[in-house]
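The values are calculated or read from the model by the stated rules, or taken from the named source; none is laboratory data. Here the structure is a predicted model, which is why all the values come from computation and not from measurement. Here the Cβ is made from the backbone with ideal geometry for all residues, glycine too, and neighbour counts use every protein chain on show.
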Amino acid sequence: MPSESLSPQEANDLLHKLITESTRIQGAFVSPVSGVRAVVWGVIRVSLTGLLNIVEREDDTPSPIICFDPSRAVLPVRCRNL
C-alpha cells in the first residue's frame, strides 16, 4: 500500500505535537554507501542552535542522540531493513 505524503504544514504540525507532548519516537540514520546504521528511541528536544535532537534520557549527557536540521529534509525517505 503506498504511503501518503505530508504537506510541509502537516509535517510542521506533527513535529510540533511530538515535541510539546514529549512523545517517544524512533530516530534512524542510514547511510547505504558506508553501511552505517544508527537507531535511537527517545523524545525530540530543540537545541539552542535550532537543531532537533532525539535524546534517550535528558538527564544523562552522554546518552545517545541523533541531531538533525528539519529544514534540510527535502525528500521523503523510507527506511528498510534496519
- prompt: Any residue at all in segment 11-21 that is of a type outside the set (D, E, K, R), modelled with pLDDT of 85 or more and in a loop (DSSP other than H, G, I, E, B)?
  reply: no
Thr61 vs. criteria of a type in the set (Val, Ile, Thr) and either modelled with pLDDT under 90 or part of a helix (DSSP H, G or I) (or both): yes
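Of the residues that sit in segment 12-42 and are touching a helix residue (DSSP H, G or I) at 6+ places or on another chain (Cβ under 8 Å) and closer than 17 Å to Pro70 by Cα, which one is surrounded by the most Cβ atoms within 10 Å (Cβ to Cβ)?
Taking the candidates together, the pick is Leu15.
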- line: Here the qualifying pairs (Cβ atoms under 6 Å; residues six or more apart or on different chains; first in segment 41-58 and basic (Lys, Arg); second outside any strand (DSSP E or B)) come out as Arg57/Ser63
Residue under evaluation Ile66, criteria (1) part of a strand (DSSP E or B); (2) at pLDDT 85 or above, criterion not met: (2)
- prompt: Inside segment 1-10, can you point out the residues that are of a type in the set (A, V, I, L, M, F, W, C) and either closer than 18 Å to Phe68 by Cβ or assigned to a strand (DSSP E or B) (or both)?
  reply: Leu6
